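A.B. asks: Can you read through this structure? Questions will come right after.
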Amino acid sequence: MAVYILRRSISAIGVMAMVGMFVFLLLRLAPGDPAAMIAGRSATAEMIAGIREQMGLNDPLPVQFIRWVRDLIGGDFGTSIFAGRPVLELISQRLEPTISLSILTMIVSVTVGVSFGVLAAWRAGGLVDRILTAFATVGFSVPVFVVGFFLIYLFAIRTHWLPVQGYQPIDHGFGPWLVHLILPTVTLSVPYIAFIARITRASMLEVLSEDYMRTAAAKGASSYAMLFHHALKNAGAPILTVIGLSFAGLIGGVVITETVFNIPGVGRLVVDAINNRDYPIIQGVLILVSGLYVLINLAVDLSYTLIDPRIRY
């Protein structure tokens, strides 16, 4: 096990090194000159050349890459071109809304998605199964922004039950914080609930057909024990994989949801940075998100042996 953890950790570091190189080259080869953007439209060629020299953009790419990696390891993600402030500081100021939305979304998605999947498998072929399967199909097919606009119209504009847009920090009170996150959380949760429910149902159906499940039923095991002690535990590996990948892939849905609900999180920061071609911010967010993705995948891989001791590496 220790050898496997060490091997997977080294592999994760290698993946992050490749991601870092890709992000560095992608933004260096992208159209547009950061020096010209900083200098403004009325800048002369001499002013632009001076800024390029000051930023080190005239150095060979390997030199720039080594300097960039050295700064990253030291916690320096660069300075925003337009805000003129450290990238890490700008990102940290936007983290609370994004983390709040992501955690609430995963709590709702996992709880509801696994419950729906277990229930659909237990009632396979029946009315409940058909209703939940239809919900999973529709929920996975409808775009997030369509769900968001529908919920805004129904619960904010028509009934005035919930706020249309915006975000309240949690230090302003738990109630206002939660009320402002209900619609974004439901919006973002719908596709993940559908996805997790479908995978859970398929995994549970496979396990429920095993001989040892029939043996447990013959011995008089309760429905709860059969579902949650025997079946769900043995079907856990693929479900955990889907949950890990869903959590890591949340950032794409977060960007759309934060834009629809006007939430000042990391997603909105990325959208603004792309519009302004603020490359240091884009670079910093990509590195942090990629690092999170690699860490979650590493955690999922390592947790397999805890769910199923038969798994050996």
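Condition check ((1) open to solvent by 40 Å² or more (accessible area, probe 1.4 Å); (2) more than 16 Å from the chain's Cα centre (by Cα); (3) at pLDDT below 80) across all residues:
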| site | (1), (2), (3) |
| --- | --- |
| S223 | yes, yes, yes |
| L240 | yes, no, no |
| G244 | no, no, yes |
| V255 | no, no, yes |
| Y293 | yes, no, no |
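A.B. asks: Filter segment 257-269 down to the residues that are out of contact with any Phe, Trp or Tyr (no Cβ under 9 Å at 6 or more places or on another chain) and surrounded by fewer than 24 Cβ atoms within 10 Å (Cβ to Cβ) and list them by number.
C.D. replies: Hit for segment 257-269 is R268, nothing else.
A.B. asks: Of the numbered conditions (1) surrounded by fewer than 19 Cβ atoms within 10 Å (Cβ to Cβ); (2) at pLDDT 90 or above, S100 satisfies every one except a single condition; which is it?
C.D. replies: Among (1) surrounded by fewer than 19 Cβ atoms within 10 Å (Cβ to Cβ); (2) at pLDDT 90 or above, the lone unmet condition for S100 is (1).
A.B. asks: Here are some residues: F82, F116. Which one is aromatic (F, W, Y) and modelled with pLDDT under 90?
C.D. replies: None of the others qualify; the one that does is F82.
A.B. asks: Identify all residues within segment 17-35 that are surrounded by fewer than 16 Cβ atoms within 10 Å (Cβ to Cβ) and on the phi < 0 side of the Ramachandran plot; write none if there are none.
C.D. replies: Those that are surrounded by fewer than 16 Cβ atoms within 10 Å (Cβ to Cβ) and on the phi < 0 side of the Ramachandran plot: A17, M18, M21, F22, L25, L26, R28, L29, A30, P31, D33.
A.B. asks: Next question. What pairs come out if I take residues in segment 98-113 that are closer than 15 Å to F174 by Cβ and in contact (Cβ under 8 Å) with a residue 24 or more places away in the chain and pair them with residues that are open to solvent by 50 Å² or more (accessible area, probe 1.4 Å) and assigned to a helix (DSSP H, G or I) whose C-beta lies under 9 Å away, six or more apart or interchain?
C.D. replies: Final answer for the pair search is S100/I170; L104/L178; L104/I182.
A.B. asks: I've got another one for you. Inside segment 106-218, counting only helices (runs of 4 or more DSSP H) that do not spill past its ends, which hold 3 or more residues that are in contact with a helix residue (DSSP H, G or I) (Cβ under 6 Å, 6 or more places away or on another chain)?
C.D. replies: Of the helices (runs of 4 or more DSSP H) lying wholly inside segment 106-218, those with at least 3 residues that are in contact with a helix residue (DSSP H, G or I) (Cβ under 6 Å, 6 or more places away or on another chain) span 127-141, 144-151, 174-208.
A.B. asks: Against the condition farther than 30 Å from F228 by Cβ, touching a residue at least 60 places away in the same chain (Cβ under 8 Å), surrounded by 13 or more Cβ atoms within 10 Å (Cβ to Cβ) and over 21 Å from the mean Cα position of the chain (by Cα), how does A83 come out, does it pass?
C.D. replies: It is true that A83 is farther than 30 Å from F228 by Cβ, touching a residue at least 60 places away in the same chain (Cβ under 8 Å), surrounded by 13 or more Cβ atoms within 10 Å (Cβ to Cβ) and over 21 Å from the mean Cα position of the chain (by Cα).
A.B. asks: Related question: All but one of (1) open to solvent by 50 Å² or more (accessible area, probe 1.4 Å); (2) touching a residue at least 60 places away in the same chain (Cβ under 8 Å); (3) not aromatic (F, W, Y) hold for L72; which doesn't?
C.D. replies: Here L72 meets the rest and fails (1).
A.B. asks: Let me ask you something else. Within the bounds of segment 124-141, is there any residue that is open to solvent by 60 Å² or more (accessible area, probe 1.4 Å), at pLDDT below 90, under 18 Å from the mean Cα position of the chain (by Cα) and hydrophobic (A, V, I, L, M, F, W, C)?
C.D. replies: Yes, segment 124-141 contains a residue that is open to solvent by 60 Å² or more (accessible area, probe 1.4 Å), at pLDDT below 90, under 18 Å from the mean Cα position of the chain (by Cα) and hydrophobic (A, V, I, L, M, F, W, C).
A.B. asks: (1) farther than 23 Å from G291 by Cβ; (2) within 22 Å of the chain's Cα centre (by Cα); (3) open to solvent by less than 30 Å² (accessible area, probe 1.4 Å): which one isn't true of T111, the others all being true?
C.D. replies: Just one mismatch for T111, condition (3).
A.B. asks: Quick check on S203: is it among the hydroxyl-bearing types (S, T, Y) and either open to solvent by 20 Å² or more (accessible area, probe 1.4 Å) or touching a Phe, Trp or Tyr at 6+ places or on another chain (Cβ under 7 Å) (or both)?
C.D. replies: When the stated conditions are applied, S203 does not pass them.
A.B. asks: Can you confirm whether segment 42-64 contains a residue that is of a type in the set (S, T, Y), open to solvent by 70 Å² or more (accessible area, probe 1.4 Å) and either within 28 Å of V289 (Cα to Cα) or touching a Ser or Thr at 6+ places or on another chain (Cβ under 9 Å) (or both)?
C.D. replies: No, segment 42-64 has no match at all.
A.B. asks: While we're looking at this one, here's another question. Output the residues belonging to segment 270-287 that are open to solvent by 10 Å² or more (accessible area, probe 1.4 Å), farther than 21 Å from V144 by Cβ and out of contact with any helix residue (DSSP H, G or I) (no Cβ under 7 Å at 6 or more places or on another chain).
C.D. replies: Correct list: N276 only.
A.B. asks: Report the residue count in segment 260-300 for those that are of a type outside the set (A, V, I, L, M), more than 26 Å from A39 (Cβ to Cβ) and either in contact with an Asp or Glu (Cβ under 7 Å, 6 or more places away or on another chain) or touching a residue at least 60 places away in the same chain (Cβ under 8 Å) (or both).
C.D. replies: Residues that pass the stated criteria total 9.
The values are calculated or read from the model by the stated rules, or taken from the named source; none is laboratory data. Because the structure is predicted, anything quoted here is derived from the model rather than measured. With ideal geometry, Cβ positions are generated from the backbone for all residues, glycine too; neighbour counts draw on all protein chains shown. With ligands, DNA and RNA removed, areas are computed over all heavy atoms of the protein, side chains included. Shrake-Rupley method; radii C 1.70, N 1.55, O 1.52, S 1.80 Å.
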